[in-house]
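We did not get these values from a lab; they are worked out from the coordinates using the rules stated. Predicted model only: the values in this text are computed from it and were never measured. Here the Cβ positions follow ideal geometry from the backbone for every residue, glycine too, while neighbour counts run over all protein chains shown.
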Amino acid sequence: METNKSFSISAKTCTLKYNSQLNGEGILSDDVKYIIPIYQRPYSWSYEQVKKFLSDIFSSYWGNEGQIVEEPMFIGTMQLSIKNANNEQDIIDGQQRLTTFLVLLKILKREFPNCVELEKIGLNWLSTRVSNGTQQEYLTAFIQGDLTSNDEALNAYSKNSFLVNEVIQEQIKDENGNSASFDIERFVKYLLSNIYFVVIETKAGLSKTLQIFNAINTTGLDLNGGDIFKIRMYEYLRDKKGKEETVFDDISLLYQMIDENNAKLGRTATDINGILSTYQYILIAKYGLPTTLYSYSTDTFFERLFDTIFNINKWEHFKNNVENIVELSIKEIERIIEVRYEWENSEYLTAEDACAIHFIWLSRYGRYWALIFVFLYKFKGEKDYWDNMRLFTKQLSKLYVIYSIRFAKAINEIHTFTYSLIKDIINKSFEEVMRTLNEKIGKLENHKGWGDFENALGGDIVDNSKVKNIICRLSAMLEETYEAIDKDSTNKISNQLFGSPIDIEHIQSYHDIDEKKRNSIWEQWGSDINSIGNLMVLESSINKSISNREYAHKITRYPESQYIICKKQVTDYSKWTVEDCRERKESEIKKILKYLFG
């Protein structure tokens, strides 16, 4: 036993009722009321889990040879709070197993009404606070019901009672279907005395209790990042902000909002972790927390944030910046969810709008696409905020395209700028945010020297797949009617460039079909053969069929393409030489520079 003023933990060996172990106890022997706390999930064991659980019990009872041997059985660890003044204990871990025992006892009482041992056992020792009373209504209905039909689809207790009864009947009937010889008194005595738990009792705050749960790592509630946030947010609002226990229902509604919106979309657009990743950005910017926290995973960020708030562990980068400063809010998270799904359900005005988000994803800074939701969170409801978001997205896309082409990897300069931009979004006006973003894009002369943009744009781009794909897709978009406000055109262009199988075509094949010409082609063309002058997007199906054929054959097939840039190649160049390639390269460079810096 380790104990102090705020924390204690103890362990003991328990059975359901009769315990021959030294200092052992029985779960049902002291009139204890077991409470499933509000932050737990509903009872949810399925057929496979119920059948395995009960089959293991009967296997231990019957023995390997089918003769009654009553082997002791260990079914794992349970975690409970210490008893309160009302002789109640919260079930931290073990509710699925303990609830299934309740269902089993209910069925045995019904099937064997004359069993003396069963008559001694009541069914009022378990209650649940999950789902604001709904689960308790189901549990009460199950305990008091007659179980004559399986029409309670939403009542997991009643539903599983039929599964439990099915397993019991399989186990107790002989080959003739007769159960009269089954010794129910002996089986119930076994059930109450030979099935063992290790019960760990903890006296601690909820955060510490969850740490213990994770350390034990037994069956029961699967605490992923979303589960942990729900529970710790509940503790924060209850203990730090003085909210009533019903605040847990308000937190649960956030999860319900996400589920309902995903259901309407017919796909999972995001989950609670996706929403919290945006909230992480907002909190760091709003409260001026250290920018290194932007690089933390969402789970780690909120774990350490709550640890520091609850004084469990004063983490570096949090300890001098969090306590009594950061305010967490259900309303803020709800607002993020609202704008997230507004964006999902919105339509792009132009193909440029639709492609902008794809270029952000394709860039070296794709993780920062969440800035769109930070932007919508801040400016939602302001005049023209939706049009302003589109403009912001297009300019952010240009910035990330420029720096993804300039440098072969993501650079700290843009990470640092992005962190500053998030802070500006939260704390400044739209005009100030756009001024900052446009100044960073700047003019072409701002991108000379180390990482010269124009040189990178006009050089050998094949060796860097990201650069090649960005430049060639951007080049193709600029040949389309990308600024037209036309829904059909917008969807078509976006799907062509980012939704269809696409290759980057060498107009003059790098490996010419005539092997004898290859060395002379490489010598004559040099790096131009891998430049934007000699590259363009093309459907994978056409590219594979023309392979490394000569140009005269390729221009008979390019008109089949849906891309204007491929059709334009046919009309602009009846033949294809290195001089033509260089001419086209200069044209492509001017076109892209005009778009990015014009």
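Laid out as a table, the results:
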{"quantity": "Environment charge at ASP580 (Cβ cut-off 12 Å; Lys +1, Arg +1, Asp -1, Glu -1)", "calculated": "-1"}
{"quantity": "Separation of alpha-carbon centers, segment 566-582 and segment 448-475, rounded to whole Å", "calculated": "21 Å"}
{"quantity": "Separation of alpha-carbon centers, segment 14-46 and segment 179-204, rounded to whole Å", "calculated": "11 Å"}
{"quantity": "Debye, to nearest 20: dipole size of segment 391-519, +1 on Lys, Arg Cβ, -1 on Asp, Glu Cβ", "calculated": "400 debye"}
{"quantity": "Antiparallel bridge percentage (DSSP; both residues within the chain; nearest 5)", "calculated": "50 percent"}
{"quantity": "Simple spin-label estimate for GLU119 and SER346 in nanometres, 7 Å along Cα-Cβ", "calculated": "7.2 nm"}
{"quantity": "Only Lys, Arg (+1) and Asp, Glu (-1) charged, at Cβ; the chain dipole about Cα centre in debye", "calculated": "1560 debye"}
{"quantity": "Likely footprinting exposure, TYR47, TYR551, fewest C-beta neighbours within 10 Å first", "calculated": "TYR47, TYR551"}
{"quantity": "Local net charge near LYS516, Cβ-Cβ under 14 Å (Lys/Arg +1, Asp/Glu -1)", "calculated": "-3"}
{"quantity": "Ranked packing of 312-320, 415-423, most packed first, by mean Cβ within 10 Å", "calculated": "415-423, 312-320"}
{"quantity": "Selected from VAL198, SER527, PHE310, residue furthest toward positive end of dipole (the chain; charges at beta carbon)", "calculated": "SER527"}
{"quantity": "Assigned charges on the beta-carbon of Lys, Arg, Asp, Glu; segment 261-316 dipole about Cα centre (debye)", "calculated": "240 debye"}
{"quantity": "Computed E for LEU265/LYS331 - FRET, C-beta separation, R0 22 angstrom, nearest 0.05", "calculated": "0.40"}
{"quantity": "Estimated distance in nm for a label pair at SER55 and GLU338, the labels positioned 7 Å out from Cα along Cα-to-Cβ", "calculated": "5.1 nm"}
{"quantity": "Farthest toward positive dipole pole in segment 342-440 [+1 Lys/Arg, -1 Asp/Glu at C-beta], among SER404, SER429, HIS358", "calculated": "SER404"}
{"quantity": "Euclidean distance of C-alpha centroids, segment 358-376 and segment 530-557, integer Å", "calculated": "32 Å"}
{"quantity": "All lysines inside 20 Å of LYS83 as judged from Cα atoms, apart from same-chain residues fewer than 8 positions distant", "calculated": "LYS5, LYS12, LYS17, LYS33, LYS203, LYS208"}
{"quantity": "Over the chain: helical MRE at 222 nm, DSSP H runs n ≥ 4 each giving -39500 (n - 2.57), nearest 500", "calculated": "-16500 deg cm²/dmol"}
{"quantity": "Size descriptor, Kirkwood hydrodynamic radius, that averages inverse alpha-carbon separations across the chain, Å", "calculated": "29.5 Å"}
